[in-house]
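**Student:** Following this message is one structure expressed as structure tokens.
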Amino acid sequence: MAGKSKIPCLNVSMRRFWEKISHLSEILLLPGAFRLRCTQPAFYWRDLRTAFRLRAAGIRPTTIFDVGANRGQFGLAAMTAFPDAQIHCYEPLPGPFQELARAFRSCPRVHCHPLGLGDRAGGASIRMASQDQSSSLLPMHSNHRKAYPQIQEGESVGITLTSLENELRRIQPVGPILLKIDTQGYEW
């Protein structure tokens, strides 16, 4: 009986091991990924893979808007895959924004904005989550609670919002423009 209970654990352990090997091999094959993995805490290999897939599809933005930038996971990928693009990262939460600004402090083509983007300018209240990348202007959906029961909703924090329309007027970006939005359901 003891032998039978170890087999599923071994299968799970082996699957995790091969997933890690697969991720490592992908990191080694993506240009710039190993350097980012070693130097940038916010690096996320799937974002870099996505950015290079966009590039392989012929997408060549001159300006990138990273809305819901968190700590700069996608910004790092975009900076690597699109070395000539101007990148504007928007993150309203103070903690993640500090890490975002730190990650790009020596990169003049990446501009970090401590703002949320919405349908209007003004103040708003964001619901903090125990894992800040799940924080949202909207209440946590029951599907999120089911999929990630370890993530708990916490207190609300005041943030400043602006609109994409305002930012386009203010920045006057050169096209083509790539717009990445990850705002926990607030995209609409």
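The values are calculated or read from the model by the stated rules, or taken from the named source; none is laboratory data. These figures come from a predicted structure and were not determined experimentally. Using ideal geometry, Cβ is built from the backbone for each residue, glycine included, and neighbour counts are taken over all protein chains shown. The area values use the complete protein model at the heavy-atom level, side chains included, leaving out ligands, DNA and RNA. Shrake-Rupley method; radii C 1.70, N 1.55, O 1.52, S 1.80 Å.
**Student:** Please determine whether any residue of segment 68-82 is open to solvent by 30 Å² or more (accessible area, probe 1.4 Å), in contact with a strand residue (DSSP E or B) (Cβ under 7 Å, 6 or more places away or on another chain), closer than 22 Å to Arg35 by Cα and modelled with pLDDT of 95 or more.
**Tutor:** So far as segment 68-82 goes, no, none of its residues is open to solvent by 30 Å² or more (accessible area, probe 1.4 Å), in contact with a strand residue (DSSP E or B) (Cβ under 7 Å, 6 or more places away or on another chain), closer than 22 Å to Arg35 by Cα and modelled with pLDDT of 95 or more.
**Student:** Gly95 passes all but one of (1) touching a His at 6+ places or on another chain (Cβ under 6 Å); (2) over 21 Å from Ile171 (Cα atoms); (3) not aromatic (Phe, Trp, Tyr); which number fails?
**Tutor:** Against the list (1) touching a His at 6+ places or on another chain (Cβ under 6 Å); (2) over 21 Å from Ile171 (Cα atoms); (3) not aromatic (Phe, Trp, Tyr), Gly95 comes up short only on (1).
**Student:** Something else about it: Does any residue in segment 90-105 that is closer than 13 Å to Gly68 by Cα come within less than 9 Å, Cβ to Cβ, of a residue that is open to solvent by 70 Å² or more (accessible area, probe 1.4 Å) and among the polar types (S, T, N, Q) six or more places away or on a different chain, and which pairs are these?
**Tutor:** From residues that are closer than 13 Å to Gly68 by Cα, the pairs are Pro92/Thr160; Pro96/Gln133.
**Student:** One residue is enough: does segment 116-129 have a residue meeting the conditions under 22 Å from Ala78 (Cβ atoms), at pLDDT below 80 and either assigned to a helix (DSSP H, G or I) or open to solvent by 70 Å² or more (accessible area, probe 1.4 Å) (or both)?
**Tutor:** no
**Student:** For segment 154-169, which positions are small (Gly, Ala, Ser) and surrounded by 13 or more Cβ atoms within 10 Å (Cβ to Cβ)? Give the steps one after another, and end with the answer.
**Tutor:** Within segment 154-169, the subset small (Gly, Ala, Ser) is 154, 156, 158, 163.
Across segment 154-169, the qualifying residues are Ser156, Ser163.
**Student:** Could I ask something else about it? List every residue pair whose Cβ atoms sit under 7 Å apart, with the two residues 6 or more apart in sequence or on different chains, where the first one lies in segment 1-29 and is assigned to a helix (DSSP H, G or I) and the second, anywhere, is modelled with pLDDT of 70 or more and aliphatic (A, V, I, L, M).
**Tutor:** Matching pairs, first to second residue: Ile27/Ala33.
**Student:** Would you mention how many residues in segment 44-75 are under 15 Å from Ala103 (Cα atoms) and more than 9 Å from the chain's Cα centre (by Cα)?
**Tutor:** Here is the first cut: in segment 44-75, the residues under 15 Å from Ala103 (Cα atoms) are 44, 66, 69-75.
Filter again for more than 9 Å from the chain's Cα centre (by Cα), leaving none.
Residues in segment 44-75 being under 15 Å from Ala103 (Cα atoms) and more than 9 Å from the chain's Cα centre (by Cα): 0 in total.
**Student:** Under the condition of being open to solvent by 100 Å² or more (accessible area, probe 1.4 Å) and among the hydrophobic types (A, V, I, L, M, F, W, C), which residue from segment 18-48 is modelled with the highest pLDDT?
**Tutor:** First, pick out the residues of segment 18-48 that are open to solvent by 100 Å² or more (accessible area, probe 1.4 Å): 18, 20, 28-29, 34-35, 37, 41.
Pick out the ones that are also among the hydrophobic types (A, V, I, L, M, F, W, C) and you get 18, 28-29, 34.
Details: Trp18: 76, Leu28: 71, Leu29: 70, Phe34: 73.
Checking each candidate, the answer is Trp18.
**Student:** Could you check, for segment 61-76, whether at least one of its residues is more than 23 Å from Gly118 (Cβ to Cβ) and free of Cβ contacts under 8 Å to residues at least 40 places away in the same chain?
**Tutor:** We begin by selecting, within segment 61-76, every residue more than 23 Å from Gly118 (Cβ to Cβ); these are 62, 76.
Those still in the list that are free of Cβ contacts under 8 Å to residues at least 40 places away in the same chain too: none.
Within segment 61-76, none of the residues are more than 23 Å from Gly118 (Cβ to Cβ) and free of Cβ contacts under 8 Å to residues at least 40 places away in the same chain.
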